[in-house]
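Below is one structure, written out as structure tokens; comments come after it.
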Amino acid sequence: MSGRRPVVSLRRINAIALNTFTELTRLKVFYFLLLFALLLIGSSALMARITFQQELQVLKDVALGAMSIFASLLAILATARLLPQDVEDRTIYTILAKPVERFEYLAGKLGGVLLLLALSVLLMSVVFFVVLFLRQQTLLAETARQMTGLPSAEAADAQANIRHAGVTTTLVLAIVIIYCKAALLASLTLFISTFATTNIFTIVTTVFVYFIGHLQGTAREYWLQNAGSTVGRRLFLGAIALFFPDLQLFNVVDDVAAGAVVPVTLFAKTAGLGVAYTAIYLLFAWAVFYRKEL
Amino acid sequence: MTDPAVALEKITKTFPVPFQRRVIVALRDVSLRVSTGEIYGLLGPNGSGKSTTLKIILGLVSPTRGQVQIFGHDAASAQSRANVGFLPESPYFPKYLTAAEMLSFYGKLCGMRRRELAKRVDELLELVGLTAARDRRLGTFSKGMLQRIGLAQAVINEPEMVVLDEPTAGVDPAGTRVIRDLILELKRRGVTILLSSHLLGQVQEICDRIGILANGALVRDGRVDELLIAPDQTELVLEHASPQLVDRISKAAAEGGASVIRAAPRHRSLEQVFLEATTEK
Amino acid sequence: MRLGAVVIAVVLFGATKLPLEHQLDAAHRRLGLRAVEFNLDLREQIGQLGFIAALSGFRAIVADMLFIEAHAAWEQTDWARVLLLFREVTTLQPREVLFWDMAAWHMAWNASTAAVNDRSQPRETLRIKAQREYFALGKDFLERGIRNNPDRPQLYEALARLYRDKYRDHERASEWFAKAAAVPGAMSYDRRFAAYELSYCEGREQQAYERLRALYDEGEKERLPTLLKRLKFLEEQLNIPPDQRIPEVVR
């Protein structure tokens, strides 16, 4: 056997990823962006009743929260149907009958979803930042008007406060974390779909893991502190700690929106954990899929 | 020595039945060889194991026992598929791609470079007669057109062998004829062809060798002409023969120790009638 | 079976990632990011549905929704409900300074005023008692908010204002303004306000004078009308020799 052929070909992964991406975009998934824009604009209309300062705050909370929901939902729903659809349409046979490794096929499929998620998060960020910027400009103008006659230093302070509440690096980093969480969920969904028998099973299981994942941190800390009175309870907590990802770690975003100062290294570590999970679930998916009978 | 295109060695495939201790035997000790350059037809009723055999050859399913070699490579390796094209039964290709986009997608999966790919796509569209439909979405294609573009997809990387699962299922006779001609054209170019079908007439017409599967076992395997020869029978087709002449021939046969089994007007095949009618100007 | 092997791999990976997650979690806690405890108390407060939503990563949004509800309750002057909702909001989103600030403001400013003007309560002592209780509720919100956000100046400032405007406790007000001024990102007036408040405290005049004088000496930027007025007042009080006094303001 000749060893010329590389084990994994990026070109093939690329071709499958782009094809998957095209397939997903034809499903008109981007309509949810419209919903997102409406939500933001609608919520800022509602906010008009509250004071200015709160408005930017609530706008950020709503935007980041909605981005997190949309990205997570999109990741789960788009990925869950990929493999079953390909089997049903028999396109999986034509693809795997080419000299394509099964790992390349899975990586390509995941790549397509990640591309879709990246574009969606990017578009949502643009909508969000535009709305935020416009509201911020209005606030700056209002404040300037209200503060005429006050000492210039105080006016400057107030203006600086408003600017600080606008688009910042921390906000961008928070969006990166939202993306990492969605990527993790997509990879997890792909893994589950390699042994699931139906679409619904995949979605329900992923949503289940999603909820448990938010409690994993609490279970883990309990377990590590040797808490839990009975052997059964300890086993249960241990299983949760070992099997599930700690999704609560990615909710650092909530605190960022609130204005908590989070060091860049912590962002990097959280993002790193997300990337590691994404890669590991892809490997698990491959382990199940590589000799699967189709 | 050149390796055969396909060599199945005592293949057995069983599927476990979930939650039960039984297994279903899909294939039992099947040995089969396809030589390079020939058209091999795999026949059998539904559920006889045709599709499983093809999937094993393509490495989509691994055999429970036995050896599969494709041009000397283990069928499980992606390498074995570098020289093989496949058209599954009634395939569905991404509706949103145009004919040309679809072909270049599959070309890329074969690791083809952009330049050679563009040339090859044009060439294949020409070959399967879809040049005019080049930029049409596959969603608008008829069954026959889909099958033709599917065939083009199977040979995008100029494989030495193509595997066709029911290539004419659901296609009208005119389309069937086009596909048949394409298959013969591929054979002329030296491509080995392995096809499964239950349209016996078609198989008889184009295959060099056939194998018949029944209940997971290969019950016949050999050259079509040899398998079809009825021992001790000779066929005689006469034109403008009067009943008296037929009578005399029967008598002569009886004198020679033979007997005429059947004497009736010769029927044309419905396919011939259909084609004649639909291609009239 | 292969699935079995995968399960073992998942567990092995779980064991590897466990310390990493634990470490990251600890880092989050050190920064006060995981201050929300999901327990029965919280569930009782925000109800089953809200609890699930909050659990699944939509904590911030649930908090916002409750915040808007609190706003509606305020418009209907339903003070008990405002209090309840703000307790939920601040429990869900303790890192949001604004929520603490708003909670305290509604209690100490709005609810207290409503209580003292409550026509349905004929006895004035009870009205004043209710007012003091609302002051205390506001103070409590601010103190808990500061514990959750020691790194942000806004709540120190709000507490200082509460002492100044509601309790009329200038000494405490001065203390909290000074604390606010010590936090990075504080407003420039916090230092000044701390000194002004001190100037109202009997017995602290000398100290207040020194602080105000130091601010004055920093330059034009600090020489604001109130500062000049308080400085003049203290110069009189302390009998500062004329040659050391600041020049008269020419208006």
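The values are calculated or read from the model by the stated rules, or taken from the named source; none is laboratory data. Please read these numbers as outputs of a predicted model, since none were measured by experiment. Methodologically, a virtual Cβ is constructed for each residue, glycine included, from the backbone with ideal geometry; neighbour enumeration extends over all protein chains shown.
Things worth noting here:
- Output for the range C:224-251, where each listed residue is more than 28 Å from the chain's Cα centre (by Cα) and assigned to a loop (DSSP other than H, G, I, E, B): C:239, C:240, C:241, C:245, C:246, C:247, C:248, C:249, C:250, C:251
- Once the range A:252-294 is narrowed to residues that are of a type in the set (Lys, Arg) and within 7 Å of another protein chain (Cβ to nearest Cβ), the residue that is surrounded by the most Cβ atoms within 10 Å (Cβ to Cβ) is A:269.
- Flag if residue A:113 is on the phi < 0 side of the Ramachandran plot and either in a helix (DSSP H, G or I) or surrounded by fewer than 17 Cβ atoms within 10 Å (Cβ to Cβ) (or both): yes
Here is a yes/no grid of residues against (1) without any contact (Cβ under 8 Å) to a residue 24 or more places away in the chain; (2) more than 26 Å from residue B:170 (Cα to Cα); (3) not acidic (Asp, Glu):
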| residue | (1), (2), (3) |
| --- | --- |
| B:78 | yes, yes, yes |
| B:83 | no, yes, yes |
| B:102 | no, no, yes |
| B:109 | yes, yes, yes |
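- Residue list for the range C:193-251, filter: of a type in the set (S, T, N, Q) and farther than 16 Å from residue C:173 by Cα: C:206, C:226, C:237, C:239, C:244
- The test for being surrounded by fewer than 11 Cβ atoms within 10 Å (Cβ to Cβ), free of Cβ contacts under 8 Å to residues at least 24 places away in the same chain and of a type in the set (S, T, N, Q) holds for residue B:234.
- Taken over the range B:1-24, the residue count meeting the criterion of being of a type outside the set (Gly, Ala, Ser) and crowded, with 16+ Cβ neighbours inside 10 Å is 6.
- Against the test of being at pLDDT below 85, in a helix (DSSP H, G or I) and of a type in the set (Ser, Thr, Tyr), the options A:222, A:210, A:179 yield a single qualifying residue, A:222.
- For the range B:51-79, filtering for residues that are facing chain A (nearest Cβ under 8 Å) and among the polar types (S, T, N, Q) leaves 3.
- Entirely in the range B:151-224, the strands (runs of 3 or more DSSP E) that have 2 or more residues that are of a type in the set (Lys, Arg): B:217-223
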